[in-house]
Amino acid sequence: ETITVGELANRMAERSADVVKTLMKMGMMVTANQTIDADTAELVIEEFGHRTVRVSDADVEQVIDSVEDREEDLRSRPPIITIMGHVDHGKTSLLDRIRQANVVSGEAGGITQHIGAYQVRAESGALLSFLDTPGHAAFTSMRARGANVTDIVVLVVAADDAVMPQTVEAISHAKAAGVPMIVAINKIDKPTANPQKVRTDLLQHEVVVEAMSGDVQDVEVSAHTGQGIDQLLEAIALQAEILELRANPQRSALGAVIEAKLDVGRGPVATVLVQNGTLKQGDIFVVGEQWGKVRALINDKGDRVTEAGPSTPVEVLGLNGTPEAGDVLNVVETEAQAREIADYRVQAAKDKRAAAGAATTLQELMAKAKADESVAELPVVVKADVQGSAEAIVQALEKVGNEEVRVRVLHYGVGAITESDVGLAEASGAPVIGFNVRANAPARASANQKGVEIRYYSIIYDLIDDIKAAASGLLSAEV
Ligand code: GDP
């Protein structure tokens, strides 16, 4: 695994000139465009007082700007929750009800605006941060951009409808991200509600709820009557406690953009969810390809605040351009630093676009796997025309692999390849495999734009053969 000096500087939010200088001191004469190996990069990172974070076995070493947090500086932080589930199962209603329940419970100030996330207090006193965009499209596109902001997924399943295709997708997305789930069995007020069917349906998707002796919490709720909402909030608080979510409010802020827009009166405005540290008025920051200086911070109640700590969503004013959802915000020391990093990123993005077809192909995945000594995973998304084929393919794929590589089916389903499939594939660097199905037009466009590989097959044997070849690194050059 290698990294260019410039990219390393970028990921640490340091100036590349400083990184070059440090390397010179270590006896290496390199320029910003040259690559160094992972071991050298690690030394540099330590030299700068940052730390390396191994995101997952198959993943490349990822450097997150993070001054080593001392144990004694860590404090527990509120969980960040995304609500997912099938269309019409009540995600929006539930978000509205939770927001409303909180206003009634007398929290100071009503919630007057939708800024992309809001905080509520559970009865026991625990603060909870909810992302206001339900569904897995937002969740996945954020993840694809490197922003893993969600700690807990609330899976909404309507009791009168049980598990539906998007329920299954949501389960796959949460599992692929390694985020724990809580099941909210909604519409329990309906006479046709059958919560037990929801629980047994979920078993087929390896989600075993507590009522079925599993360890996934399930709560019966009604977004209409408000029944069970308090219990749901407590269940989330409990899950958060188990996760021991902590952050260091002392350090400079690191956050993720969850919404951004160009406001006529206020200029570029971004809602940032602070992930670590405290964002303060006057802070200089770089966010994606933009930079700025915090002119004002506005919380979810519409009030101006002077700072925002871990897991707090705030609107940030003072940007010099509009960033994108999923962009990471880093506070830096000087404007010069901010400008240099932003400029670097603009250039890097241009270079990337120029190197068109930076696709995740099977070959690239193999190259990655080879560079990594440990067991690599070849992630795939599978769509087929009928359930029987989908299952047969998944079974066969799971048998493929050896000591070095294993195939991991992130999601499988029946029907055309959709944007959701492409999004999931992008977030995990996987190809999408279509068996006797095609991608619909939006999915094709999205795959082109994101550089996700879609492969079509009509013979299972060919499909398995290709994946086998990929898994053994023998994929022929013409693929
Ligand atoms: P979303 O597509 O998942 O965001 O679902 P919505 O929140 O838009 O809800 C879909 C429909 O279900 C709407 O007509 C809601 O009024 C209705 N609905 C949502 N929650 C409940 C509930 O708890 N009980 C009943 N009876 N209807 C509900």
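The values are calculated or read from the model by the stated rules, or taken from the named source; none is laboratory data. As the structure is a computational prediction, the values presented were derived from the model and not from experiment. Neighbour counts run over all protein chains shown; Cβ positions are idealised from the backbone, glycine included. Accessible surface areas use protein heavy atoms only, side chains included; no ligands, DNA or RNA. Shrake-Rupley method; radii C 1.70, N 1.55, O 1.52, S 1.80 Å.
Number of residues in segment 161-179 that are in a loop (DSSP other than H, G, I, E, B) and out of contact with any Leu (no Cβ under 7 Å at 6 or more places or on another chain): the value is 5. Residue-level analysis places ALA427 outside the set of residues that are farther than 18 Å from SER172 by Cβ and out of contact with any strand residue (DSSP E or B) (no Cβ under 8 Å at 6 or more places or on another chain).
Yes/no matrix, rows are residues, columns are (1) within 17 Å of GLN275 (Cα to Cα); (2) not in a helix (DSSP H, G or I):
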{"position": "ALA211", "(1), (2)": "no, no"}
{"position": "THR225", "(1), (2)": "no, yes"}
{"position": "LEU233", "(1), (2)": "no, no"}
{"position": "ALA237", "(1), (2)": "no, no"}
{"position": "VAL257", "(1), (2)": "yes, yes"}
{"position": "LYS261", "(1), (2)": "no, yes"}
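Within this structure, GLU377 passes the test of being acidic (Asp, Glu), within 21 Å of the chain's Cα centre (by Cα), modelled with pLDDT under 90 and over 24 Å from HIS86 (Cα atoms). If the condition is being more than 16 Å from the ligand (Cβ to nearest atom) and touching an Asp or Glu at 6+ places or on another chain (Cβ under 8 Å), then segment 183-197 contributes no residue at all.
For the structure I just gave you, tell me whether GLY255 is in contact (Cβ under 8 Å) with a residue 40 or more places away in the chain and over 19 Å from GLN119 (Cα atoms). Judged against the criteria, GLY255 is not a match.
Taking the conditions exactly as written (among the aliphatic types (A, V, I, L, M), out of contact with any Gly (no Cβ under 7 Å at 6 or more places or on another chain), under 16 Å from ARG99 (Cα atoms) and surrounded by fewer than 22 Cβ atoms within 10 Å (Cβ to Cβ)), does ALA126 satisfy them or not?
Values: among the aliphatic types (A, V, I, L, M): yes; out of contact with any Gly (no Cβ under 7 Å at 6 or more places or on another chain): yes; under 16 Å from ARG99 (Cα atoms): yes; surrounded by fewer than 22 Cβ atoms within 10 Å (Cβ to Cβ): yes.
Yes; evaluated as a whole, the condition is true for this residue.
Contact map, segment 301-324: first residue in contact (Cβ under 8 Å) with a residue 60 or more places away in the chain and of a type in the set (S, T, N, Q), second residue open to solvent by 40 Å² or more (accessible area, probe 1.4 Å) and part of a loop (DSSP other than H, G, I, E, B), Cβ cut-off under 6 Å, separation 6 or more or different chains; pairs are SER311/ARG77. Taking segment 198-215 as the range and being open to solvent by less than 20 Å² (accessible area, probe 1.4 Å) and more than 16 Å from the ligand (Cβ to nearest atom) as the test, the residues that pass are LEU202, VAL207, VAL209.
In this structure, ALA158 qualifies as near the ligand (Cβ under 10 Å from one of its atoms), open to solvent by less than 10 Å² (accessible area, probe 1.4 Å), within 22 Å of SER420 (Cα to Cα) and of a type in the set (A, V, I, L, M, F, W, C).
The single condition among (1) at pLDDT 85 or above; (2) closer than 28 Å to ALA338 by Cα; (3) surrounded by fewer than 20 Cβ atoms within 10 Å (Cβ to Cβ) that ARG54 does not satisfy is (1). Considered as a group, the residues in segment 240-255 that are part of a helix (DSSP H, G or I) and open to solvent by 20 Å² or more (accessible area, probe 1.4 Å) include one that is nearest to LEU128 (Cα to Cα), and that residue is GLU241.
Here SER222 meets the list (1) among the hydroxyl-bearing types (Ser, Thr, Tyr); (2) open to solvent by 40 Å² or more (accessible area, probe 1.4 Å); (3) in contact (Cβ under 8 Å) with a residue 12 or more places away in the chain almost entirely, failing just condition (2). Note on segment 180-191: among residues that are assigned to a loop (DSSP other than H, G, I, E, B) and in contact (Cβ under 8 Å) with a residue 60 or more places away in the chain, the one that is nearest to the chain's Cα centre (by Cα) is PRO180.
Reported count of residues in segment 129-148, each being open to solvent by 10 Å² or more (accessible area, probe 1.4 Å) and among the β-branched types (Val, Ile, Thr), is 1.
So which residues in segment 265-300 are among the small types (Gly, Ala, Ser) and open to solvent by 30 Å² or more (accessible area, probe 1.4 Å), if there are any at all?
Selection gives GLY265, GLY282.
Hey, among the residues in segment 270-288 that are β-branched (Val, Ile, Thr) and out of contact with any Asp or Glu (no Cβ under 6 Å at 6 or more places or on another chain), which one's farthest from GLU259 (Cα to Cα)? Ranking the qualifying residues of segment 270-288, first place goes to VAL286. For segment 447-473, a tally of residues being hydroxyl-bearing (Ser, Thr, Tyr) and open to solvent by 70 Å² or more (accessible area, probe 1.4 Å) returns 3.
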